[in-house]
Amino acid sequence: MESQGEKKRFGRLSQWFLRKQESSVILVLILYCVIVTIVNPVFISANNVVNILRSTGFTLIVVVGMTLVLITAGLDLSVGSVFAMGSIVCGICCTAGISVWLSMLIGTGVGLLFGMTIGFTIVKTGIPPLMITLGMQYIGRGMVSAITKGVPVYPLPDGFTSLEKISLFGIIPIIVPVSILIAVAGHIVLSRTTFGRSVYAIGGNQEAAKISGINIDRTKMIVYSLTSALAAFSGIMMASRLGSAEPSTGTGFEMKVICACIIGGTSSFGGTGTVLGAALGAVFMEVITNSLTLMKISVYWQNLFFGVILIAAVLLDQYKRALMMRQSVKVKE
Amino acid sequence: MQNPILTVSHITKRFTGTTALDNVSLELYPQEILAVMGENGAGKSTLMKILSGIYPYGSYDGEIKIQDTLCRFKSPAYSEAAGIAMIYQELNLELDLTVAENILLGRYPKTKMGLINWEQVYQDAGAALERLQVKIDVHAPVRSLSPSMQQLVSIARALYCNPKILILDEPTSVLTEKETETLMQILHGLQKQNIACIYISHKLDEVFKLCDRMVILRDGKWISEYSKSQGYQSTRIIEDMIGRRLDVMYPKTKKKIGEEIMRIEHFCVQHPFAYGKHIIEDVSFSVRKGEILGLAGLVGAGRSELVSAIYGLTDSIGGTLYFDGKKITHPTPERSIRMGMGFLSEDRKKNGFVWTMDIEQNMTLAILKEISQGGFINQSREDKISDEYFDRLRIKAPDKKTLITSLSGGNQQKVIIAKWLMTKLKLLILDEPTRGIDVGTKAEIYKLINDLAAQGIAVIMISSELPELIAMCDRFIVLGKGVVQAELSKKDADEVSIMRAASCT
Ligand SMILES: Nc1ncnc2c1ncn2[C@@H]1O[C@H](COP(=O)(O)OP(=O)(O)OP(=O)(O)O)[C@@H](O)[C@H]1O
Ligand SMILES: [Mg+2]
């Protein structure tokens, strides 16, 4: 017979490990970083770390919104298109001579409006978010192409492009503190406010949330609007970095964002997840991209990596669910 | 005496923070109906889940023997193969599949080509239902059946693989009295077919009639055992179950019935399944402060549909609602709560609680506004109020941060009741408030309801347990065929008069 005490200790440890998915992401992340550093010490050079953080920033801003969406048991596939829309609208406005701040506001505002439309359609029609946001992804991209006829908005005024070059202590690009600020705000909103509680409740059991007086429609509207606004804002920052607003920018971006959230422990079934976890997921995604290049592994392998990690994360999530569901067992096959 | 068909010895099962079963042993003899009794959280369901393989061998200490063979179930499939069939406390049917598909789910007969032999499926399903002597259309989707019909379908499903041992975990909590009667006959019939049953229920009278022997658990421990031949003594049994004396079941409180708080006129509500039909045609009534109004009627009379339309969870087709003297045009749950309504729904699992949340978060879900400032939840206020109710309702859990899914059914119900007690109530609608609740807790809940009424809060109560309804309510509205069949005052109401009105004769 195996020792009972040993087994119990292991059980408790693994439970703790599973419950705190943030910590498991951190562990894996650290482990991975150590390996990469051994293979190529350039990885932890200040320059490279800044690089990773900078590219994470753009994803992280959208990840905050997407986490909320996923927790409500929703999905938003349109963030890549909105990302492009934000950068184009803002680019056009600046080149037309509108002040930089106002242009950014307009770009974000257009994203917000787009998100409100998404939210409204989801709430009023009851069609699954997957379908609606897939449609909106095409609509958004279509609008961008129609406006630009496929031609990038270029050159952008210096006042705008210099924005992304602002840096903290002369080394940390502005996008890093900005995205961290947004993430911290998102974390606080989700964990401390009644709105955050509503978001969790809706994802956990929408009908029970409704009976308890939670305004489902309004909460969902806010969640989708916020996500689109953040996506547009992130697109604007990207345009500022590139010095040009590209109509094709952000293609496939939604997958990266969703992937980051899921890896960070946000459940694809709704009801659970944290911004902290999702943020770690975003860092993780970027670290992998970066490290593969450093380790001279062809970028063609990248997507394969992401795919495997994503499925592993979902499996873990399902297992967690099964633990929780034990009480209300559903027996099949 | 015969040799036992099932022997359970020294079972101990621990969850983090609780010991659900502590060294429990029992035997089941052939052709016997054995009752396992105990309060909510006593460990009954846990024991059954061990027997059915949901908690696999190795996750508990102790052993299970069927006849003389040691059983090590790795999953429910193993226990099924060993001849144990189980009907779970929570219905676990696939609502969108047909009756036949549900009965044979996972055991579909195949044709030679390896495809599902549908003809056979419907035939077998028909035969399985035949055995129970019930008539249900095997082609009907399960969603369209009443909860009791659904229960019968799960029994048919359990019997399909010819078990030697049938476990029923609170099968009658969703059944009406008449259906319970039918079920008992069915079980007696099975007894003759050489099937032994383990039967769990909180309804004492039912157990007294049906079961040959009873084992009582408390706090996961074996407490006592009684057999029918000795005669059952309910005071002793209740004492064993709850560990103290139960003074009064229906405590009386002094109260004054005040002015009218809510009135509906000519309410009309859509049928939930049959499109274009109305389950409630034209219903008007009022309820007054401090009054407990009982809504009676047969299953399918539309009691639940009516109250959820009043609360604003579903839309009514016609009719007007007055609350506190004001006409309310479009009630929504949000508005209803703000006005002072609370609504305990019939189906706890479906819409009673949020199962990704812990006890505390479930409790405070309806008072988020009250415990927050500027949208931020005031943690200390939340702690204070949830602590208070956690203790007051004596919820059995390691602490209030426990996930609600790991609670026993009755304790989940207490959490939901706590949620409504926290709000500023003027009218509380209770749809089957004591479903699946043990005697001791029932008495506590009755006291809570009476206390609410004494504070001037109006209560509308639905219950399929007539004795409970009659003892609790001040006035009765009997629904049938979409209209009010009778309105009875306390002194005119008894089981006969209510049943007569409900069956529209
Ligand atoms: N998955 C779980 N995780 C942690 N604790 C659990 C779990 N399942 C059950 N428990 C605990 O074990 C105890 C026994 O629960 P069980 O469901 O067996 O009670 P029960 O006798 O069936 O009650 P009821 O009459 O309310 O159905 C309870 O205290 C419950 O909180
Ligand atoms: Mg139980």
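The values are calculated or read from the model by the stated rules, or taken from the named source; none is laboratory data. Nothing here was measured: the structure is a model prediction, and the numbers come from that model. We place every Cβ from the backbone using ideal geometry, glycine too, and count neighbours over all the protein chains shown. SASA here: full protein model, heavy atoms, side chains in, ligands and nucleic acids out. Shrake-Rupley method; radii C 1.70, N 1.55, O 1.52, S 1.80 Å.
Placing R0 at 25 angstrom, the Cβ-Cβ distance between residue B:392 and residue B:233 gives a FRET efficiency of 0.20 after rounding to 0.05. Can you pull the one-decimal nm distance between simple spin-label points at residue A:49 and residue B:504, each 7 Å off the Cα toward Cβ? About 7.8 nm, to one decimal. Assign one of three labels to region A:116-187, namely rounded, prolate or oblate, based on the Cα gyration tensor with a ≥ b ≥ c the square roots of its eigenvalues; rounded applies when a/c is under 1.5, prolate when it is not and a/b is larger than b/c, and oblate otherwise. Oblate shape, in that a/c is at least 1.5 and b/c is the bigger or equal ratio.
For chain A, the longest principal axis of the alpha carbon atoms and the long axis of helix A:21-39 meet at an angle near 70°. Accessible-area loss of 20 Å² or more (1.4 Å probe, protein heavy atoms, chain alone versus all protein chains) is found in region B:343-373 for B:349, B:350, B:351, B:354, B:355, B:356, B:357, B:361, B:365, B:368. Distance from the Cα centroid of region A:180-240 to that of region B:129-155 is 42 Å (rounded to whole angstrom).
Averaged over the residues of A:265-278, the number of partner chain Cβ atoms lying within 10 Å of the residue Cβ comes to 1.
For region B:92-107, the residues whose backbone nitrogen is under 18 Å from a point 7 Å from the Cα of residue B:77, taken along Cα to Cβ, are B:104-107.
Surface composition of region B:57-144: carbon and sulfur atoms hold 50% of the protein heavy-atom accessible area at a 1.4 Å probe. Remark: spin-label model distance residue A:123-residue A:215 equals 0.8 nm, labels positioned 7 Å along the Cα→Cβ axis. For residue A:147, neighbours were defined as the other residues whose beta-carbon sits under 13 Å from its Cβ, and their charges (Lys and Arg +1, Asp and Glu -1) total +1. Peptide B:11-18 has a mean shielding of 1, counted as Cβ atoms of other protein chains within 10 Å of each residue's Cβ.
Each Lys or Arg adds one and each Asp or Glu takes one away; over the other residues whose Cβ falls under 15 Å from the Cβ of residue B:35, this sums to -4.
Once the 1.4 Å probe is applied to the protein heavy atoms, region A:61-252 comes out at 39 Å² accessible per residue.
The calculated FRET efficiency for the pair residue B:95 and residue B:245, based on their C-beta separation and a Förster distance of 35 Å, comes to about 0.20. Within region B:18-119, the trypsin sites (Lys or Arg not before Pro) that combine a DSSP coil assignment with at most 15 other C-beta atoms in a 10 angstrom radius are B:72, B:74, B:107, B:112.
With the helix formula -39500 (n - 2.57) applied to DSSP H stretches of n ≥ 4, the protein assembly as shown reaches a computed 222 nm mean residue ellipticity of -15500 deg cm²/dmol. With respect to chain B, whose longest principal axis is taken over its alpha-carbon atoms, helix B:379-392 is tilted by about 70°. Peptide B:81-88 has a mean of 1 when you count, residue by residue, the C-beta atoms of other protein chains within 10 Å of its C-beta. Pairing chain B with chain A buries about 3700 Å² of accessible area. This figure sums both sides and uses a 1.4 Å probe. Accessible area per residue for chain B is 42 Å², calculated with a 1.4 Å probe on protein heavy atoms, without ligands, DNA or RNA. The residue B:194 and residue A:27 beta-carbon pair, evaluated with R₀ = 56 Å, returns a calculated FRET efficiency of approximately 0.50. When the GluC sites (Glu not before Pro) in region B:202-272 are filtered for DSSP coil states and for at most 16 other beta-carbon atoms within 10 Å of their beta-carbon, the remaining sites are B:259. Overall, the protein assembly as shown carries a charge dipole of about 1040 debye about its Cα centre when +1 sits on the Cβ of Lys and Arg and -1 on the Cβ of Asp and Glu, all other atoms neutral.
Annotation: for a label point projected 7 angstrom from Cα along Cα→Cβ of residue B:185, no residues of region B:150-169 have a backbone N closer than 15 Å. Taken as Cα centroids, region A:41-72 and region A:101-160 sit 22 Å apart, rounded to the nearest whole angstrom. For region B:122-191, applying the loop criterion from DSSP together with a ceiling of 15 other beta carbons within 10 Å to the trypsin sites (Lys or Arg not before Pro) yields B:135. Note on residue B:12 and residue B:205: the extension gain reaches 66.5 nm, defined as 0.36 nm multiplied by sequence separation minus the Cα-Cα distance. Solvent-accessible surface, computed for protein heavy atoms with a probe of 1.4 Å, shrinks by 20 Å² or more for the following residues of region A:187-202 when the other protein chains are added to the isolated chain: A:192, A:193, A:194, A:197, A:201. Here chain A has 71 percent of its accessible surface on carbon and sulfur atoms, given a 1.4 Å probe and all protein chains in place. Taking the longest Cα principal axis of chain A as reference, the axis of helix A:46-71 is set at about 70 degrees.
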